[in-house]
Amino acid sequence: QVQVLESGGGLVEAGGSLRLSCVASGRAVSTTVMGWFRQAPGKERELVSAINWSGRALYYVDSVKGRFSISSDNAKNTVDLQMNSLKAEDAATYYCAARYGRDYWLSPDTWDYWGRGTQVTVSS
């Protein structure tokens, strides 16, 4: 079992920055890949970024490349998502997720554990 808990969402002006943090706990944490998903109203949940516990970023969705940066700290079991140059289209509920194994998958159905989500609102 793995538990994940997000924090760090909020309201930010377009062009601003936010940092999301996820804490993972449980015996199986080291056997997982971690990811950040987001879901805007009326849209499907999409994988934003994924990382392993060695700190290697595995994936960024094209729309955030060059603006978002994912990092992991395996001593603290935390995964952060630094979001810069935020746009209105980045507004969504952001979810931290964990998936057993070494690979990431785009489909949210293939991820095993989820946090409750944290809201990111971008004002223009």
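The values are calculated or read from the model by the stated rules, or taken from the named source; none is laboratory data. All figures in this text were calculated on a predicted structure; none of them were measured in a lab. Cβ atoms come from the backbone with ideal geometry, glycine included; neighbour counts cover every protein chain shown. Heavy atoms of the whole protein, side chains included, go into the accessibility calculation; ligands, DNA and RNA do not. Shrake-Rupley method; radii C 1.70, N 1.55, O 1.52, S 1.80 Å.
The condition (being of a type in the set (Asp, Glu), within 11 Å of the chain's Cα centre (by Cα) and modelled with pLDDT of 95 or more) is satisfied by just one residue among Glu89, Glu13, Glu6, Glu44: Glu6.
Remark: pairs (first residue in the range 24-50, closer than 14 Å to Ala97 by Cβ; second residue acidic (Asp, Glu) and assigned to a strand (DSSP E or B); Cβ separation under 9 Å; 6+ apart in sequence or on different chains) = Trp36/Glu6; Phe37/Glu46; Arg38/Glu46; Gln39/Glu46. Report, by residue number, each residue of the range 12-43 that is in a loop (DSSP other than H, G, I, E, B) and within 16 Å of Val120 (Cα to Cα). Passing the criteria: Ala14, Gly15, Gly16, Ser17, Ala40, Pro41, Gly42, Lys43. Among the criteria (1) among the charged types (D, E, K, R); (2) closer than 16 Å to Gln3 by Cα; (3) open to solvent by 60 Å² or more (accessible area, probe 1.4 Å), the one Asp80 does not fulfil is (3). Residues considered: Thr118, Thr31. Of these, the only one that is modelled with pLDDT under 95 and of a type in the set (Val, Ile, Thr) is Thr31. Consider only pairs whose beta carbons are under 7 Å apart and that are at least six residues apart or on different chains; among these, list those whose first residue lies in the range 99-124 and is over 16 Å from Leu58 (Cα atoms) and without any contact (Cβ under 8 Å) to a residue 12 or more places away in the chain and whose second residue is open to solvent by less than 100 Å² (accessible area, probe 1.4 Å) and assigned to a loop (DSSP other than H, G, I, E, B). Matching pairs, first to second residue: none at all. Annotation note: of Asp62, Asp103, the sole residue that is of a type in the set (Asp, Glu), open to solvent by 40 Å² or more (accessible area, probe 1.4 Å) and modelled with pLDDT under 95 is Asp103. Close Cβ contacts (under 7 Å, 6 or more residues apart or on different chains) running from residues in the range 65-91 that are at negative phi and in contact (Cβ under 8 Å) with a residue 60 or more places away in the chain to residues that are assigned to a loop (DSSP other than H, G, I, E, B) and open to solvent by 50 Å² or more (accessible area, probe 1.4 Å) comprise Met83/Ser17; Asn84/Ser17; Leu86/Ala14; Leu86/Gly15; Leu86/Ser17; Lys87/Ala14; Ala88/Ala14; Ala88/Ser124.
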